[in-house]
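The values are calculated or read from the model by the stated rules, or taken from the named source; none is laboratory data. These figures come from a predicted structure and were not determined experimentally. Here Cβ is always computed from backbone atoms with ideal geometry, including for glycine, and neighbour counts include all displayed protein chains. SASA here: full protein model, heavy atoms, side chains in, ligands and nucleic acids out. Shrake-Rupley method; radii C 1.70, N 1.55, O 1.52, S 1.80 Å.
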Amino acid sequence: MKFATFSEILEQLEQTSSSLKMIEVLSGLFVHLGPVEARAAAYLLKGKLAPDYEGTELGMAEKAVMRAIAASAAVPLCHVQAAFHRTGDLGAVAAQYAGDRRSAGLTLPQVFERLRKIACARGTGSQATKLALLADLLQHCSAREAKYTARIVLGTLRLGVAEMTFLYGLSKALTGSKKAKPILENAFNVLSDLGEVAERALRSGVEALRRVRPVVGKPVRMMLAQRVKDLAEIPKHISGLVHVEYKYDGERVQAHVPRSGDIVLYSRRQEDITHQYPDVVQALRDSFRGKQAILEGEVVAIEVATGRLKDFQTLMQRRRKHDVEAYVGKIPVKYFLFDLLHLDGQSLLQKPLAFRQETLVRCVQESERLTFAASTATKDLEEVESFFAEAIERGAEGVVIKDAQSPYEAGTRGWHWIKYKKEYRTELADTFDLVVVGGMHGRGMRGGTFGSLLVAAFNPTTNRYESFTKVGAGFTDVELARLPKLLKPYRLSAKHRLVETGVKADVWFEPALVMELTGAQLTVSPVHAVARERVKKGGLALRFPRFLRWRDDKEPEQATTTEEIYELYESPSGRRDDKPSVRRRPKYGSGA
Ligand code: AMP
């Protein structure tokens, strides 16, 4: 496929906010692509050159791109700078300077390769090399091609094509319907690489993807938990034996231990965070001589003398580039393992949890930095309740209740795992992970920053962000002062096309940053949009919201879903307008 044709597709995607239209466009694209082209297209549609976990960045700043545009059009840099000043969009500037230049007919893989070359330039003189390569590429581009090339290079191509929309489009291209989507989705959840899935599907067919296995070194998308508000709801979702584990307030880490070579630790966002935890890496190395495995658990800050668990904020001091070694001593951590996904060439994803954990215990040697998540196996709700009380007592934030017979469902938030936190129990509030989509200017004491932020839940079915509440409470002064700078890179001139809300914000943001907040009551609102289709008389909104913390470990698509909120609203303990804030005591209670 010519890059010119591909650029037309990018334009069509940019112009729509309908996920159905996106699926149509994507399926129309994939029927015309070969396997290698499909891999390139998969990355480029996300504005990337590789799967997220590789962290390949093009690494070009606005200034360098302006220089490349100036060089490609043989105009002085100050002209390009002035044009950028006027429009604020270097894509548009690149298009302007391409004028009516005809496309040189580069193909999609050719452009992809050139972009990779730009990304790979390293070391002294690499900035000049990148600039020259980009200027040369732009010289071969028509206006439309130049626009998208510039945006990809800058990392500002944000088409909002969600992974599930992408896979639906691919399924439609392959089968004419969404029939293949579950297989593609599972393959993506295991391999975490849309390019790999697209290439393999087009090369060997969908059926071959049924057999995908985790690969040591490539992160598996993590299995997630549903929530209940009352432990008495557990038997509705899991019958039989459950494993109840502490819910640690730390960082979820997936460890990849190869037979030889380097251990890699991945965060929940699939970032390589190995450098943060040299102590954990050493403990794994000592434990796993000659074995090959993928393990999961939570890294938690601890007090060495007492073994007491510390909170997430303490652990976050380990998130640093410099002084890592010093902080290994200052903030000691422990890795609490709770799952085993792969061992010595065998995938364990389909094995029951009970088997995976038995195998885990057999193959890991505990040490000062490495142990197993505290857990108990039971069928008795009262035992679950007392284990929860113990967990809270020991500094955990709650429990995760897991179906002993369940497989590891990569990338899925299902009812095989259920979380129950102390906030639910004490009924102070619920917690939600929400995406910032807008802001209200602050006045008086809050002048110069924001009075409140408009936040939204994610609806994976429609690929939209539905507004849920405006949050102004809970920020410290330092946090408040930092907001304008923190949010600046995401500022938009108008509401993002994927945001649903009746609120008129002063400032709009691209859905990018996720925050955790608490709130005390669900209510129906004429302006908010969560589950509006289902509630009918309005959208669901959250009252009394308070900011808790930023969730850098979550992508916007991993925010609390509108479905989760709707289920809370409908659940017996959900608070509705017509049953206002009755403080129900949980049925089974042992004070916490
Ligand atoms: P949440 O972030 O509220 O959706 O809760 C899910 C998170 O709880 C996971 O991503 C883990 O980081 C964390 N977690 C803590 N302990 C456990 C456990 N025993 N099993 C699973 N997840 C756990």
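With all pairs of different alpha carbon atoms counted, what Kirkwood hydrodynamic radius in Å does segment 108-176 show?
Kirkwood radius, segment 108-176: 14.0 Å.
Going down the list LYS321/LYS485; LYS422/LYS470; LYS229/LYS536; LYS147/LYS495; LYS46/LYS218; LYS178/LYS421, which pairs span over 26 Å between their C-alpha atoms?
Cα-Cα > 26 Å for LYS178/LYS421; rest within.
If Lys and Arg each add +1 and Asp and Glu each add -1, what is the summed charge of the other residues whose beta carbon sits under 13 Å from the beta carbon of ILE23?
Charge balance near ILE23 sits at +2.
Could you report the chain's accessible area per residue, 1.4 Å probe, as an integer in Å²?
43 Å²
On average over all directions, what projected area in square nanometres does segment 338-473 have, based on the convex hull of its Cα atoms?
13.1 nm²
Where q = 0.14, 0.21 Å⁻¹, what log10 of I(q)/I(0) comes from the Debye formula for segment 48-128, counting one point per Cα?
-0.58, -1.14
Tell me the label-point distance for the pair SER260, GLU325, using the 7 Å Cα-to-Cβ offset, in nm and rounded to one decimal.
Placing both labels 7 Å beyond Cα along the Cβ direction yields 2.8 nm.
Against the longest principal axis of the chain, how steep is helix 108-120, in degrees 0 to 90 to the nearest 10, with axes from Cα atoms?
70 degrees
Hey, how much of the P(r) for segment 149-296 falls beyond 27 Å, as a percent of Cα pairs?
Here the tail beyond 27 Å accounts for 45 percent of pairs.
When N is the residue count of segment 432-570, what does its C-alpha Rg come to as a fraction of 2.2 N^0.38 Å?
For segment 432-570, the normalised Cα radius of gyration is 0.96.
Using Cα atoms only, what is the angle between the long axis of helix 3-14 and the major principal axis of the chain, expressed in degrees (0 to 90) to the nearest 10?
Tilt of helix 3-14: around 50 degrees.
Translational diffusion coefficient, Stokes-Einstein: compute it for segment 424-507 using the Kirkwood radius over C-alpha pairs as Rh, at 10 °C and 1.306 mPa s, and state it as an integer in µm² s⁻¹.
The Stokes-Einstein estimate is 114 µm²/s.
Working only with C-alpha atoms, what are the Rg and Dmax values of segment 365-429, expressed in angstrom?
Values for segment 365-429 (Cα only, Rg and Dmax): 13.6, 40 Å.
If one computes the Cα centroid of segment 91-118 and of segment 171-229, what distance in Å separates the two points?
31 Å
On C-alpha positions alone, give me the angle between the axis of helix 62-73 and the longest principal axis of the chain, in degrees, nearest 10.
Here the helix axis deviates by roughly 20 degrees.
Tell me, what does the Kirkwood hydrodynamic radius of segment 3-154 come to in angstroms if you use every pair of distinct C-alpha atoms?
15.8 Å
With only alpha-carbon atoms counted, please give the Rg and Dmax of the chain, in Å.
Both quantities, over Cα of the chain: 25.0, 76 Å.
Assuming 1.567 mPa s and 4 °C, estimate D for segment 474-540 with Stokes-Einstein, Rh taken as the Kirkwood radius over Cα pairs, in µm²/s.
92 µm²/s
Given contacts defined as C-alpha pairs under 8 Å and at least six residues apart, what's the relative contact order of the chain, whole-number percent?
12 percent
Counting pairs of Cα atoms in segment 224-421, how many percent are more than 29 Å apart?
Of all Cα-Cα pairs in segment 224-421, 22 percent lie more than 29 Å apart.
In Å, what Kirkwood hydrodynamic radius results for segment 504-544 from the alpha-carbon pair distances?
With all distinct Cα pairs of segment 504-544 included, I get 11.8 Å.
Along the Cα-to-Cβ line of GLN313, 7 Å from the Cα, sits a label point; which residues in segment 377-403 have backbone N less than 20 Å from it?
392-398
Okay, helix-only estimate at 222 nm for the chain: each DSSP H run of n ≥ 4 adds -39500 (n - 2.57), divide by all residues, round to 500 deg cm²/dmol; what do you get?
Theoretical 222 nm ellipticity from helices: -11000 deg cm²/dmol.
Find the centroid of the Cα atoms in segment 301-338 and in segment 138-165, then give the distance between the two in whole Å.
With segment 301-338 and segment 138-165 each reduced to a Cα centre, they are spaced 40 Å.
Any idea how far apart SER177 and ALA232 come out in nm if each label point goes 7 Å out from Cα toward Cβ?
Simple spin-label model gives 4.3 nm for this pair.
In nm, to one decimal, how far is the LYS537 label point from the GLN405 one, both placed 7 Å along Cα→Cβ?
With each label point 7 Å from Cα toward Cβ, the separation is 4.2 nm.
Rg to Rh ratio, segment 30-84, alpha-carbon atoms and Kirkwood radius?
Reported Rg/Rh (Cα atoms, Kirkwood Rh): 1.17.
Per the 1.4 Å probe, what fraction of the accessible area of the chain, in percent, lies on carbon and sulfur atoms?
Accessible surface attributable to carbon and sulfur in the chain totals 49 percent.
Note the full-extension length gain between THR461 and LYS63 as 0.36 nm times their separation in residues minus their Cα-Cα distance, in nm to one decimal.
139.4 nm
Count charges around GLY155 for me, please; just the other residues with Cβ under 10 Å from its Cβ, Lys/Arg as +1, Asp/Glu as -1.
With Lys, Arg at +1 and Asp, Glu at -1, the net is +2.
What accessible surface, in Å², does a 1.4 Å probe find on SER347, ignoring ligands, DNA and RNA and rounding to the nearest 10?
My reading of the accessible area for SER347 is about 30 Å².
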